[in-house]
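The values are calculated or read from the model by the stated rules, or taken from the named source; none is laboratory data. Just so you know, these numbers come straight off a predicted model, no measurement behind them. Here Cβ is always computed from backbone atoms with ideal geometry, including for glycine, and neighbour counts include all displayed protein chains. Accessible surface areas use protein heavy atoms only, side chains included; no ligands, DNA or RNA. Shrake-Rupley method; radii C 1.70, N 1.55, O 1.52, S 1.80 Å.
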Amino acid sequence: VVSAPTGSGKTAVAELALYAALARGERAIYTTPLKALSNQKYRELGRIFPGEIGLLTGDHSAEPQAGCLVLTTEVLRSMLYRGSELVREVRWAVFDEAHLLGSPSRGWVIEEALILLPRAVRVVLLSATIPNGAALAGWLAMLRQTPCELVHSAARPVPLRHYVASARRPRDLFLVQSGDGAAFDAARWESAVEGLSPPREPSEGGEKKKKTPQAADPTAPPTRRLEQRCAAAAELLYALAGGAAGEASARGADGGGAGAESMLPAIAFCASRRECEALAAMLSRGPSLVAASHAEAIGEVIDAALGGVVGGGSEEEEASRQIGVARPLLLSGVGVHHSGLQPVLRELSELLFSEGLLPLLVATETVAMGVNTPARTVLLTGGGSKFDGTRQRLMLPTEYTQMAGRAGRRGKDAFGACVLLAHEWCSAASGEAMLSRRHAPLQPSHRITASTALKMARIEGASVAALATSSFGAWLAS
């Protein structure tokens, strides 16, 4: 179990496990919870182990007989239920983004895969945030019947500064924390959110409908609120691009401001696909973020990557439509990344951004889950507010750490910057708690359903009772 901040090099442990398997002629698997992350890991590992890496996701399949397969955890779980011959050949398994074991929507898939893997398979779990890693290592040692090593570090390789800006004054940045372990400046936080309206009370029975977070003016209709949010975010992004942000108010204890130079490349995290599209459309009407020569290089990559996509079936027609929308955005230096885009466009934005050709990526929080898109700055357009499927709330420290962790490129930046764009008043105590890195312990989310019971019945020697007693929750309870 390896728990260390983003950019600290924990992937080296996984690469060594894959090398050990391939050197002995054994098979290995690298699993991630997301198709986007699996696609990127396939490209990255393919450069390290040429000719040895395959891919299996719901969208793509490549070199399925390769010595190491990159696949989503859902695909692995399905293979285990089917009794796939491939699983019997595996000797090493890497689980990336292992903190999602505590996610109600994804955790049970990871947990079942770990339980059902043959004991002969050795496992490596990677995450940036596992506060109770010793408990997880203890469960794995019991489950695998072999000792489990825990590697834990809280030190970031690139210091992170935390800023707040108000949607009413988006060009003014307030430095509220100057680095990991530094004191939180409550006075600056209060100055940043001064004059903002407090959050609205949810209407009776209508809390689930409020999927778009509020803008600076909570009395405006939803479309107007979204437009206000995007306008504030666009103004702040252009200020960050030009180095004009925070000249008067971003100064911290060290006297340094945020805006002496461009703070790009940046990732702007939005609350929804709709907000991603709206912000990108607003940016498309403004000045380009790249020079003409740079845009030409981007165009060459686009043509090489998308030249084979033509109209025909409905899927190809939708891809062509999305390419028509995305191309001018990409040429202006703006990439868009969310699950509603065709996979080829998501991968293109990832590629251009990771190679340093795009200065800005507008994305949903999927990008925070391990997709390797290092940036100098992260902007949270919702100011840390999050809709969790039931209600609007502030991010938990773990959620904030995952998103802010994208900021700061090792070997390139003296510091990374995370900027919260506040649209509503929020107390300094709540802000300090969100930035605190006081992560809640990983909690089990495994549940046994009728579908699980039916699948278990098809596995020789398996039982629902054994699955239940082997779970992380049962181990913690004991």
message = Within the chain, what whole-number % of the accessible surface is contributed by carbon and sulfur, with the 1.4 Å probe and all protein chains included in the calculation?
response = 53
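Count the net charge of all other residues whose Cβ sits under 12 Å from the Cβ of Leu329, scoring Lys and Arg as +1 and Asp and Glu as -1.
Working: positive: Arg285, Arg327; negative: Glu277.
Here the count lands on +1.
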remark   = So, with points 7 Å from each Cα along the Cβ direction, the Val325-Arg169 label distance in nm works out to 3.6
ask   = Of Leu361, Gly411, Leu379, whose Cα points farthest to the positive end of the dipole of the range 338-435 (charges on the beta-carbon: +1 Lys, Arg; -1 Asp, Glu; origin at the Cα centre)?
value = Gly411
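Can you bin the range 319-366 into rounded, prolate or oblate? Criterion: square roots of the alpha carbon gyration tensor eigenvalues sorted a ≥ b ≥ c, rounded for a/c under 1.5, prolate for a/b above b/c, oblate for the rest.
Values: a/c = 1.66, a/b = 1.16, b/c = 1.44.
It is oblate, given that a/c is not under 1.5 and a/b is not larger than b/c.
Taking a ≥ b ≥ c as the square roots of the Cα gyration tensor eigenvalues, with a/c under 1.5 meaning rounded and otherwise prolate when a/b beats b/c, else oblate, which class fits the range 1-130?
Values: a/c = 1.34, a/b = 1.08, b/c = 1.23.
It comes out rounded by the Cα gyration axes.
Can you quote the Å³ per residue value for the convex hull of the Cα atoms in the range 89-135, rounded to an integer?
83
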query = Which of Thr146, Gln177, Leu125 sits closest to the plus end of the dipole of the range 84-181, meaning its Cα is farthest towards the positive end, when Lys and Arg get +1 and Asp and Glu get -1 on the C-beta?
reply = Gln177
message = Starting from the 7 Å offset along Cα-to-Cβ, what nm value, one decimal, do you get for the label separation of Arg224 and Val301?
response = 4.0
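Order the peptides 423-434, 321-332 from the highest to the lowest mean number of other Cβ atoms within 10 Å of their residues.
Numbers: 423-434: 18.7, 321-332: 16.8.
Ranked from most to least packed, the peptides come out as 423-434, 321-332.
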Helical mean residue ellipticity (222 nm; -39500 (n - 2.57) per DSSP H run of 4+; nearest 500) of the chain = -12000 deg cm²/dmol
message = Rounded to the nearest 20 debye, what is the charge dipole size of the range 1-145 about its Cα centre when +1 sits on each Lys and Arg Cβ and -1 on each Asp and Glu Cβ?
response = 220
key: 0 to 90° range, to nearest 10: angle between helix 273-284 axis and the chain longest Cα axis   = 40
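Grab the Cα-Cα distance for Leu476 and Ala12, subtract it from 0.36 nm times how many residues apart they are, and report the gain in nm with one decimal.
On the way: separation 464, 0.36 × 464 = 167.04 nm, distance 2.96 nm.
Difference between extended and current length: 164.1 nm.
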ask   = Roughly how tilted is helix 107-116, in degrees to the nearest 10 and between 0 and 90, from the longest Cα axis of the chain?
value = 20
task = Give me the angle, in degrees from 0 to 90, between the Cα long axis of helix 343-354 and the longest principal axis of the Cα atoms of the chain, rounded to the nearest 10.
result = 70
query = Rounded, prolate or oblate: which fits the range 26-67, taking a ≥ b ≥ c as square roots of the Cα gyration tensor eigenvalues, rounded meaning a/c under 1.5, else prolate when a/b beats b/c?
reply = prolate
